[in-house]
Amino acid sequence: MFGILRYRTEAIRTRDLTYLFIVIGIAILNAVARSPITLAELLLVNGMILGITYWLEFTPGGLRVDEKSIVYDNLALLHPEREAELKADLTQRTGLAVERVAVERINLLRETADVTVFYRRPRA
């Protein structure tokens, strides 16, 4: 089901698919709960799942990485051996703490590339 959503529909971000998976997982967990499990235990498990998700998403100790699509104009830095220079250039140009870059498409006619930049969101 997730493969169909990911590859057959309009672009759905991985983070959104993760939230969908969590919601479906909680729904299935609640649906198959048997009588030996009390309501308090079920609420505790649901709360733990939601709490861990919240911690990973919104706290400074969390692992949140955002992404942006950018049209990039320096094709010379797209070579694999120049990855550090590419990250430094993107960090300097955008002000984002770039962790990873994925090249989506290269347009040699216009000498540009569509890249996805993965970065850590600054904490307030």
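The values are calculated or read from the model by the stated rules, or taken from the named source; none is laboratory data. Since this is a predicted model, take the numbers as computed values, not measurements. Here Cβ is always computed from backbone atoms with ideal geometry, including for glycine, and neighbour counts include all displayed protein chains. When the accessible area is computed, the model is the full protein with side chains, heavy atoms only, and any ligands, DNA or RNA have been set aside. Shrake-Rupley method; radii C 1.70, N 1.55, O 1.52, S 1.80 Å.
Here is a list: I4, I12. Which entry is modelled with pLDDT under 85 and exposed (fewer than 13 other Cβ atoms within 10 Å of the Cβ)? Step by step, each of I4, I12 is checked, and only I4 is modelled with pLDDT under 85 and exposed (fewer than 13 other Cβ atoms within 10 Å of the Cβ).
Residues in segment 85-124 that are farther than 20 Å from R15 by Cβ and hydrophobic (A, V, I, L, M, F, W, C) were compared, and the one that is farthest from the chain's Cα centre (by Cα) is L109. Screening segment 65-96 for residues that are closer than 23 Å to T18 by Cα and open to solvent by less than 100 Å² (accessible area, probe 1.4 Å) and picking the one that is modelled with the lowest pLDDT gives V65.
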